[in-house]
Amino acid sequence: MPTTIGLTRRALLTGGSAALATPVLLRPAAAQDMARAPVAPVVPDTVTRVHTARPLVAMTFDDGPHPTLTPQLLDILAERGIRATFYVIGWRVLREPQLMRRIVAEGHEIGNHTWSHPSLYDYSDAAVLSQLDRTSQAIQETVGRPPVTLRPPYGNLYPRQRRMVMDARGMPTVLWSVDPEDWRRPGSAAVADRILSRSHPGAVILSHDIIGGTVRAMPATLDGLVARGYQFTTVSELIGWPRWDSRNIRLASSS
Ligand SMILES: [Zn+2]
């Protein structure tokens, strides 16, 4: 039940309780109506997109931070005033603390992409949580707050495991609805074409900021989305949560 999820979040995260009490909505456009009505928040354990008529999309970049490509991407985003979500790998966080702080300082959201990027299908629940917790801890220690959503490497997490992560850590699993298959390195023109042709209102767009062709595709991709009327939001805001960098949240396990 949503109430249980809310309690779970409070048990795991301390501070910013007012923000945590904000309902999670599947339809951001209905936020004002929902705020007036005593409706229990709906927190899906899996998000692939949001159903909305508003032309909102969330750009997500996985597998970084990369020491040279991620700064290039940040420049491209900053030039356009676009905020995105970075699903970072734990061991890379430790290598690039200043870059992590730049990502956050420029208004982007950080998500959890596990410590070492394994397929989690064969992992025990304890091992899954270890991959997540170690990464969340590193992110908190680096930028001052923990991630609030998970993207499993390759999207590999069974529905039962996603439920387990939501119950144990209050973190929804965020997959995607637009996949340009940029990991196959089809070239920047193909990446841009695929994203532009497949995007839709409420889309979660998958891409990787450790691939040069993807980063080089972003100016045309982002400008093309803007030309089509799309606006950009982070994952938290897309699903109806407050801005990630406005929340004073900390892992309860840290002091
Ligand atoms: Zn990945």
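Any read-out appearing in this document is the output of simple, stated calculations on the displayed coordinates, not a laboratory observation. Every value quoted in this text rests on a predicted model; they were computed, and no experiment measured them. As a convention, Cβ positions derive from the backbone with ideal geometry for all residues, glycine included, and neighbour counts pool all protein chains shown.
General observations
- Descending semi-axes in whole angstrom, ellipsoid equivalent of the stretch 70-228, from the Cα gyration tensor: 27, 19, 14
- For the stretch 138-247, the Kirkwood estimate of the hydrodynamic radius, built from every pair of different alpha carbons, is 15.6 Å.
- Under the combined filter of DSSP loop state and at most 16 neighbouring Cβ atoms within 10 Å, the stretch 52-117 retains these GluC sites (Glu not before Pro): Glu106.
- Under 5 Å, built H, 5+ apart or other chain: amide partners of Arg250: Thr14
- For the stretch 113-136, backbone nitrogen atoms closer than 19 Å to the point 7 Å from Trp91 Cα along Cα-to-C-beta are found at 113-124, 127-136.
- Of the residues Met59, Met166, the one with the fewest other Cβ atoms within 10 Å heads the list, and the complete ranking is Met166, Met59.
- Size-normalised alpha-carbon gyration radius of the stretch 41-129, reference 2.2 N^0.38 Å: 1.25
- Among Thr60, Thr221, the ranking by other beta carbons within 10 Å of each residue's beta carbon, starting with the fewest, stands as Thr221, Thr60.
- Panel note: the C-alpha atoms of the stretch 144-201, placed on their principal axes, show extents of 41, 30, 24 Å (largest first).
- Mean separation of Cα contacts under 8 Å (6+ apart) over length of the stretch 98-218, as relative contact order %: 20 percent
- By the count of other C-beta atoms within 10 Å, a proxy for reagent exposure, Ile210, Ile110 are ordered fewest to most as Ile210, Ile110.
- Relative to the Cα centre, the charge distribution of the stretch 134-255, modelled as +1 at Lys and Arg Cβ and -1 at Asp and Glu Cβ, gives a dipole magnitude of about 360 debye.
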